[in-house]
Amino acid sequence: MLFYIIRRLLFLPLTLLGISLIIFLMFMRLTPEQRVALYITGPERLKGDSVERIIELHGLRDPWHLQYGRWIGNVVRGNLGWSTVGREPVFDALIRRFPYTLELAVLSGIPIILLGIWLGVLSATNHNRPLDHALRISAVVGWSFPDFVFGFFVMMIFYSILGWFPPGTLSYEAGLIVRSEQFRIITGIITLDSLLNARFDVFLDAIRRLAGPVLTLTYLGFAYILRITRSAMLEVLEKDYVRTARAKGLAEGVVIYKHARRNALIPVATESGQTIVALLGGTVIVETIFNRIGVGSFLAAAAQQLDFASVIGGSLLFGVILVIGNLLVDISYTLIDPRIRLE
């Protein structure tokens, strides 16, 4: 397995090269003046007539392959350009916002997977009974709901009417505590750092503001996992080895949870991994609706304001997450089914 992991990691630069090349060629449609932000590290370099000097310095009127070679050299050195939206280097802007997105993705991903698998198994083992019909209808409704509509619905019920889950990342008072010298930023994840700093008031404030987006993502996400799990379980329950297990007199719980569910988890693991990768790439609409700091809302603002350097940097980040996420999914196959060998 170690050689397989090393080989997959060696493909990471090639994957990123392909992603960056496609995006760079798209942005070659822009004028040299619009592409200047890809090559600078601060707004001070855009004062006076320096734009034209930067165009000449980086050869932004040269053939595309020469420009790509110079730009990818800057990327390798960690210079992704200047973000006009974040008002800081793109690399710093992404690194500073990623812990917020990671926090939301983890807190949403865990219930999505656990709830989806549990209810999917429950639906399959009660095939065509009232519980199965109720779960299927719930899944179809959840899968059919546009995320921005359900997000507004959650906001209306739990904030406007009940006043429970306010939007934003932190309240004004909690934000002052986090920005104070006494509060140590260790991981960048607010809930975790507040516990490490023993500031439970900040922790509760952050959890209240996470509840709305987590509830939205969980309901929309678990419905898909439920459908995948149910389909896989129904197929496995028809297999001969399941009939044999029942004929041997094994308890129904042992047949379902030891023999059937484990073999039905392969497609579920694939879809669960893709769901987590999508969450880590930034939940654009949910972060925007709930006014949260994160990679998704940052890239949405960058796209709206034509901040090309940030859009390219975010795309490269998503490429890294995608490759590593798919690798972890492949490794999880061997944990679910020991018969699978990665070579």
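Overview of results
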quantity: Sparse-neighbourhood loop sites, trypsin sites (Lys or Arg not before Pro) in the range 61-127 - DSSP loop, at most 13 other Cβ within 10 angstrom; calculated: 61, 77, 87
quantity: Solvent-accessible ranking of 238, 252, 103, 181, largest area first, probe 1.4 Å; calculated: 181, 238, 252, 103
quantity: Cleavage-rule hits, trypsin sites (Lys or Arg not before Pro), the range 245-310, DSSP coil, Cβ neighbours within 10 Å at most 15; calculated: 248
quantity: Mean separation of Cα contacts under 8 Å (6+ apart) over length of the range 141-244, as relative contact order %; calculated: 34 percent
quantity: Protein accessible area in the chain, 1.4 Å probe - carbon and sulfur %; calculated: 66 percent
quantity: Projected label distance in nm at residue 231 and residue 247, using a 7 Å step from Cα toward the beta-carbon; calculated: 3.0 nm
quantity: Per-pair calculated FRET efficiency, R0 = 41 Å: residue 28 and residue 153 via Cβ, rounded to 0.05; calculated: 0.45
quantity: Average accessible area per residue (Å²) across the range 196-254 - probe 1.4 Å, nucleic acids and ligands excluded; calculated: 50 Å²
quantity: The chain - mean residue ellipticity at 222 nm from DSSP helices (-39,500 (n - 2.57) per run, n ≥ 4, rounded to 500); calculated: -22500 deg cm²/dmol
quantity: Largest to smallest principal axis extent of the C-alpha atoms in the range 214-298, angstrom; calculated: 57, 19, 15
quantity: Dimensionless Rg over Rh [the range 148-294; C-alpha; Kirkwood]; calculated: 1.16
quantity: Extension gain (nm, one decimal) between residue 305 and residue 262, 0.36 nm per residue minus Cα-Cα; calculated: 10.7 nm
quantity: Convex hull per residue volume in Å³, alpha carbons only, for the range 67-134; calculated: 171 Å³
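The values are calculated or read from the model by the stated rules, or taken from the named source; none is laboratory data. What you see is a predicted model; the values in this text were computed from it and never measured. Because the Cβ atoms are built from the backbone with ideal geometry, glycine has one as well, and the counts that use them run over all protein chains shown. When the accessible area is computed, the model is the full protein with side chains, heavy atoms only, and any ligands, DNA or RNA have been set aside. Shrake-Rupley method; radii C 1.70, N 1.55, O 1.52, S 1.80 Å.
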